[in-house]
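The next block holds one structure in the form of structure tokens; read it before the comments.
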Amino acid sequence: MLVDASKLPDVSADHPELEEAAERLFAAHMKAREEAFAQIFGPTEPPDRILSPADPELLENWPGGGVYAFPPRGGRGGWHYATHGLAQPFGEEELAPAAPGDEERFSGLGIELVIATKEPEEWAPSLLIDFVRYLLFQEDAELIVPGDRIPTEAFELYAPGSRLSHVIATTSDEYPSDIRLPGGRCRLVHLLGVTSSEVARAKREASGEGTVALGEALRAIGIVSPGLVTDTGRSCGTDDPRFEAAYEKALAEASG
């Protein structure tokens, strides 16, 4: 399902203080994405409040950026935390709305990152902001896309004792992942915390199909709850005698 939020909203009433056209255009792109998130996830908690990074350098280089927290809603289990600002266009050329029918253009980096937790967790926005800092400041940073497997020290730092050591990038079937924004396309990339042993199993496949199979196998045996919720206290899936059969089945389905 594609969420269409491509119409540039009028922000003159929301931001009467913005006098320059470029500033109003910047705010309009932010507003469009906020409206898309509201359509996908519902209202934020706290209401209409973004969790802003405490890092002054990041605030300067990621204007208006932060993380939204969305409580469980409808059939969606878990709290969902989503970055807001990676898909923000910059510069006058990028701020100009995409031409109708231009399906190849991406808005900003073309992604926003999402992670789900069972209960509200302080570590979740911190982990997302760590990845934002990587994408914006590391010269050799690669865009995070579904199929990626990424080591991170965040779990060791924010949840001592957790067996999780990596995240895998995928999409969730609990919410739409593709958005059409005024500036172009955007994909919501869902991150799931996994162990080093689980990642090692997925790496035995030559492509990202191993990543897809890993997420599906962990969900199939109940190690990971529906919605690909990250639980820092969970056990390692490869220790479960059901894992290998579930993984092979998921891999066969992913391979078509």
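The values are calculated or read from the model by the stated rules, or taken from the named source; none is laboratory data. In this text the structure is predicted, and so the values were computed from the model without any measurement. No Cβ is skipped: glycine too gets one built from the backbone with ideal geometry, and neighbour counts run over all protein chains shown.
Summary of values
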| read-out | value |
| --- | --- |
| Those residues of the stretch 137-166 which are without any contact (Cβ under 8 Å) to a residue 60 or more places away in the chain and part of a strand (DSSP E or B), in sequence order | ILE150, PRO151, SER165, HIS166 |
| Residues (farther than 21 Å from ALA82 by Cβ and of a type in the set (Gly, Ala, Ser)) located in the stretch 1-60 | SER12, ALA13, ALA21, ALA22 |
| Residues satisfying the stated conditions in the stretch 234-256, i.e. more than 11 Å from VAL194 (Cα to Cα), among the small types (Gly, Ala, Ser) and in contact (Cβ under 8 Å) with a residue 12 or more places away in the chain | ALA246, ALA250, ALA254, SER255 |
| The listed residue being under 17 Å from LEU128 (Cα atoms), exposed (fewer than 15 other Cβ atoms within 10 Å of the Cβ) and aliphatic (A, V, I, L, M), out of ALA69, ALA54 | ALA54 |
| Odd one out for ASP140 among (1) under 22 Å from ALA200 (Cα atoms); (2) acidic (Asp, Glu); (3) more than 13 Å from the chain's Cα centre (by Cα) | (1) |
| Check on PHE26, over 26 Å from ASP231 (Cβ atoms) and touching a residue at least 12 places away in the same chain (Cβ under 8 Å) | yes |
| Residues located in the stretch 2-34, provided they are exposed (fewer than 15 other Cβ atoms within 10 Å of the Cβ) and among the acidic types (Asp, Glu) | ASP4, ASP10, ASP14, GLU17, GLU19, GLU20, GLU23 |
| Out of LEU181, LEU214, LEU218, LEU228, sole residue that is among the aliphatic types (A, V, I, L, M) and under 15 Å from the mean Cα position of the chain (by Cα) | LEU228 |
| Meets criteria (crowded, with 17+ Cβ neighbours inside 10 Å and either modelled with pLDDT under 95 or among the acidic types (Asp, Glu) (or both)) for LEU59 | no |
| Failed item in (1) within 22 Å of SER52 (Cα to Cα); (2) out of contact with any helix residue (DSSP H, G or I) (no Cβ under 8 Å at 6 or more places or on another chain); (3) surrounded by 16 or more Cβ atoms within 10 Å (Cβ to Cβ), with SER107 passing the rest | (2) |
| Yes/no for GLU209 being among the acidic types (Asp, Glu) and in contact with a helix residue (DSSP H, G or I) (Cβ under 7 Å, 6 or more places away or on another chain) | yes |
| Residue match in the stretch 29-45 (condition: closer than 18 Å to ILE111 by Cα and of a type in the set (Ser, Thr, Tyr)) | no |
| Boolean, VAL114 is more than 16 Å from TYR81 (Cα to Cα), in contact (Cβ under 8 Å) with a residue 24 or more places away in the chain and under 11 Å from the mean Cα position of the chain (by Cα) | no |
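Conditions tested, residue by residue: (1) among the polar types (S, T, N, Q); (2) crowded, with 16+ Cβ neighbours inside 10 Å; (3) over 15 Å from ALA250 (Cα atoms).
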{"position": "ILE144", "(1), (2), (3)": "no, yes, yes"}
{"position": "GLU153", "(1), (2), (3)": "no, no, yes"}
{"position": "THR170", "(1), (2), (3)": "yes, yes, no"}
{"position": "ARG185", "(1), (2), (3)": "no, yes, yes"}
{"position": "THR195", "(1), (2), (3)": "yes, yes, yes"}
{"position": "GLY227", "(1), (2), (3)": "no, yes, yes"}
